Structures are given as structure tokens and as C-alpha cells.
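> Please see the structure below; I have some questions.
Bear in mind these aren't lab numbers, they're just calculated from the coordinates by the rules spelled out. Treat the numbers as computed from the prediction; the structure is a model and nothing was measured. Virtual Cβ from ideal backbone geometry, glycine too; neighbours counted across all protein chains shown.
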Amino acid sequence: MGEVKKHDTPMMDELKSGPWPSFVDDIYNYAEKHKKQACFDILGQMELSYKNKETHWKHGGIVGVFGYGGGVIGRYSDQQDKFPAIWAFHTVRVNQPAAKWYHSSALRKLCDLWDHRGSGIMNLHGSTGDIILLGTVTEQLEYIFYDLTHQLKMDLGGSGSNLRTPECCMGMSRCEWSCIDTQDITYELTMHFQDELHRPAFPYKFKIKVSGCPNDCVAAIARADFSIIGTWRDDIKIDQEAVRAYVAGELKPNAGAHSDRDWGPFDIKKEVIDLCPTKCMFWDEGQKKLYINNKECNRCMHCINVMPEALRPGDDRGAVILMGAKAPILEGAQLSTVIVPFMRLEPPYDNLKNLLYKVWDYWMENGKNRERLGETIQRVGLNRFIVDVLGLKPLPQHVKEPRSNPYIFWKEEEVEGGWTRDVAEFRKRHPA
Amino acid sequence: MDKETLKQKILEVMQKKAGSGGKSKIYLKDLQREIPEANPRDIKNAANELVREGKLEYFSTGSTVMYGLPGVGMGLEAGVEKPKEE
């Protein structure tokens, strides 16, 4: 290996002075140890971008390995004379295991692979959930793919107009609140929709994320076109003994998560009852008993988070299906909106897959180029999407508050007597 | 429409688009619009098969994917040439 050349990077060096470990330190340490010119060049180009206040990357072109329509994002430097080692610096997306559990030997192998065939820089994990391997050249792509699939038993993830790699929270593997087996659902969907994942099928990207409970640790409601969030239908389970222990200060609220400072004694009224968004809780000071009006509860999880030993999600468990979240390109950011308030999820998840097929068939036919599902829903109207496209009934759960966002509109044939009915006549019979 | 006819039709559409000095890369959606008589999912499958046969190629921006005829318009390397090693 020839001489490596470090560029002069005063602005990058300044980033090292902050209180946190800096990526600049990491990249320099790695570059010096492994004598990687690409790592020096990438910091050199970044310094130049800071100076010029514009990017020096061009992207587009490479999409993947033979037969795949995604998984690799082509990236080229427009400063090829100055930084020849990063003339091509493609990103490789690798499908992460469900809930991102690795054996350390798998990570070691992956690092060895990337030391050898790439820049050595990687990002665990990108916001899609994939392992992101940053920086390699076109000639290496097929070798990387071969090594990944044959030695590591890993596959490329989704990019472009494909189904993006489905992602989930750690679910039942560690979390006792998980109402659904998020890992199994993610694995099943990933395997079932391999064709959609690797071959572009849609007008634009499509993301599926699975959270085990309404705490929504993978932010499915904010980032997924199709969010699956665990929930329950029956009552929150209460252990009154444990509630009294919290009130008496024997148990730490939030499982001790805020114990770094003295916040004073636990006040159940101030910290739980008054913060309930639907005001459905009551603490009887005399009887020392907690009451929950479960009909009003909207499963925000706050009380369960604060008193995990006393309160637990109910036993009648399933998931709520929401659709349409996206980041702001058109119209601004959107959260997913409830489409199916409760769906029981059991293997092989045929009900879920059928719903997905219905959505995709409609979106593939009616979505415009580069239009996310949320934008299509907005364009055709949520009422029409729910009723005409999916064939579902409008439900109270589709509405946030009665009479404030009444997007369920009637069609003429659904109204007795149509638009022309005599209202005066009707009021004669129904005066109030 | 059987698969072979559909594939032929896709190639015709691509050549027509590219031929008149028009677009060398088009969205899947545009293909589907040009062939309204076929099911969008069949068009997707046929187009992907054409890619495997080497008669079409993908072009990706990272966020979205387009289809093109190999050798027409900007190639996969997007006009970038690898610097010669001295």
C-alpha cells in the first residue's frame, strides 16, 4: 500500500473538542491504523463542503447487484482530482436481523468484510433500520454481496422505489409490555415480501415498522407508511398492593429511570392521575385504591410507564394498524392515521398480508410518481380510502374528536332520501 | 396479455420514449400508464424480468428507481469516470 495523504482539516478538527466522542476522531484513528486513503479523503471533502457550504457528492446510478433493484446507493465525488480515493463511495444497505440482535462473531465478520472491501466506515443503524456500510467502489459490489449472502447469511436491504427493510422494536425478546411478537411479524413480512424488497414495484418508497406497544420505540407512527403498533382491548391490569407501594415510596417510579436527581416524593395525583390525557383515572386516598375507567383509556402508556410493577397492559392483545406517515417533501410531515383500530396478529398473519396487498394494489395503480401512501390518502380523502379502497366501515376510532375533524362524509346513495329530501317534512316527524 | 407480449410492449414503450429525443429513463408508473390494459403488478414483474435478461436496466437515485435501456442516455456510472492510476 502506498503513502497515505492527510488533508488539512481545521474545521473538522474543531469538532473533536466537544464533550462527546467525535466521528472525526474515530475516522482519523481508523484511517491512521489501517492506512486508508478513502477515510482521509472523506474528511478532506467534508472540510471542503463546510468551507463552500455545499455538498460535493453526486448520487444516482448504481442500484444494486445483479438481479436486485435496490440495496446499493451510488455515490460519487465531484472533486475527483482532489480526492481520488473516494471517486466512488457507494452506500450498501444490509438487512438487519429483527430487533437488531447480533452475535458478536457476526459483527466481527462484518467488520472484517468491510475493512477488506470497503472504506471501513459503517453506521449502525440507518433510520430505515438497516446496517449502513459507507463507501465502496463499483467493482467490489458483487464480491460484497457474495460474501454477505454466503458467509454471513445476510442480505441487502431495501432502497429506491422498493419495500424498505421492515423494522421492529425489541418486542417480546426483552420487553414485557410487548402486545405482539414484533420480531416474528418483521421476519415473516421480510421473508414473504422478498420480491417487493429487492425489485422496485411502487411509485415511491414504502416502509413498514412494528412496535410492540403504544410507547412505539421504533417511531412507527412517525416514519412508516404502514405502522403496526401493539395494543390491547380489555382492562389495564392493576396490582393494588404495588400501587400502594409506589405511593408509599417503596418502589421507584419509572423503574428508577429518573433517580439521578431528587425530584421529591412520588405524588400519584400530580405524576399520574392529572397527566392522564383522557382523565380516566382516580386515586381514592381514603381507600388507597386506584380506579381506571378503561372505556375512556386511549392506551397512552403513561401510567404503565410510571408504575410498571403495578400496572400492565391487558390480556386481549393485538395491534392497531395505521397508515400514511412521511417526512416533509410535499405538504409537510404527517403522522400515520388509524385505519384498523384492532387486528389480532397470529402467524401466518394472513389478515395483515391481505390488507397490505389491498393497499399496494390501489397505490400502484393510483399513486403518482414519487407520491407516498400518505399523500395518496390525502389526495383521495381518508373517507374514500377507508370505505371505497379498503372496503372498511368508518369507525369512531378513525376520528380524533367528535365534530372537530369529521372526515367521514356521506355519499348521496347512503343517505335516506338523498340530498333532495324534504328536511321540513323530516323535522315534523323528528322535532328535536 | 401473456408475459412475452407484455415484455415486447414494455420494450416498445421504452424505445418510443427514448427514440424521439425524449426520456432515456422512466418511472415504473409511466410504463403502467402507457400500458393501461395490463395489471400494474404484471408490468412490474415483466419489467423486472427484462432487467434480469439484460434488456432493461435500473437507475436509482437512492430514493426512487427508474428503468432505462442499456446504453441509452446516462449509463449506470452516471457520466463518472474512474480516475486513471498513474
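> Under a 10 Å cutoff between Cα atoms, tell me which one of A:E54, A:E142, A:E188 has the largest fluctuation in the Gaussian network model of chain A.
Between A:E54, A:E142, A:E188, it is A:E54 that shows the largest mean-square fluctuation.
> List, in order, the whole-Hz ³J(HN,Hα) value for each residue of region A:41-54 obtained from phi through the Karplus relation with A = 6.51, B = -1.76, C = 1.60 and θ = phi - 60°; use x for Gly and Pro.
Running phi through 6.51 cos²θ - 1.76 cosθ + 1.60 with θ = phi - 60° gives 5, 5, 6, x, 5, 5, 4, 5, 5, 5, 5, 7, 6, 8 Hz.
> Just checking the protein assembly as shown: which Cys have no other cysteine's beta-carbon under 4.7 Å?
A:C39, A:C111, A:C168, A:C175, A:C179, A:C213, A:C276, A:C280, A:C297, A:C300, A:C303
> Extending each Cα 7 Å along its Cβ direction at A:R344 and B:D2, get the distance between those two points in nm, one decimal.
4.6 nm
> Here is a further query. To the nearest 10 degrees, how steeply does helix A:23-34 sit against the main Cα axis of chain A, on a 0 to 90 scale?
The answer is roughly 40 degrees.
> Let me ask something else about it. Stretch A:D388-A:D8 to full length: gain in nm at 0.36 nm per residue minus the Cα-Cα span?
So the chain would gain 130.7 nm between A:D388 and A:D8.
> Angle, helix A:141-150 long axis vs. longest principal axis of chain A, Cα atoms, 0 to 90°, nearest 10?
Approximately 60 degrees, to the nearest 10.
> Could you state the number of Å between the C-alpha centres of region A:17-82 and region A:232-291?
Using only Cα atoms to place each centre, the spacing works out to 50 Å.
> How many nm separate the modelled label positions at A:Y146 and A:Y50, each set 7 Å beyond the Cα in the direction of the Cβ?
4.0 nm
> While we're on this one: Treat each spin label as a single point 7 Å out from the Cα along the C-beta direction, and report the A:K353 to A:W410 distance in nm.
Placing both labels 7 Å beyond Cα along the Cβ direction yields 4.1 nm.
> Counting other beta carbons within 10 Å of each residue's own, what order do A:R233, A:R164, A:R117, A:R174 fall into, fewest first?
By the 10 Å Cβ count, ascending: A:R174, A:R233, A:R117, A:R164.
> Right, something else. Quick check: net charge around A:V72, other residues with Cβ under 11 Å of its Cβ, Lys/Arg +1 and Asp/Glu -1?
Here the charged neighbours net out to +1.
> Please order A:Y187, A:Y291, A:Y204 by the number of other Cβ within 10 Å, starting at the fewest.
A:Y291, A:Y187, A:Y204
> Also, I was wondering about something else. If the cut-off is a Cα-Cα distance under 27 Å, which lysines reach A:K252, setting aside same-chain residues fewer than 8 apart in sequence?
Hits, sequence-local ones excluded: A:K237, A:K269, A:K270, A:K279, A:K288, A:K289.
> Still on this structure: Considering chain A as a Gaussian network with a 10 Å cut-off on Cα pairs, which listed residue, A:T420, A:T128, A:T136, attains the greatest mean-square fluctuation?
Highest fluctuation of the listed residues: A:T420.
> Right, next: Using a 10 Å cut-off around each Cβ, can you sort A:I132, A:I228 from fewest to most neighbouring Cβ atoms?
A:I132, A:I228
> OK, next. Would you calculate the convex hull of the Cα atoms in region A:317-432 and tell me its volume per residue in Å³?
Values: hull volume 19.4 nm³, N = 116.
Cα-based convex hull of region A:317-432, divided per residue, equals 167 Å³.
> Please report the projected area of chain A's Cα convex hull averaged over all directions, in nm².
On the way: hull surface 116.1 nm².
Directional mean of the projected Cα hull area for chain A stands at 29.0 nm².
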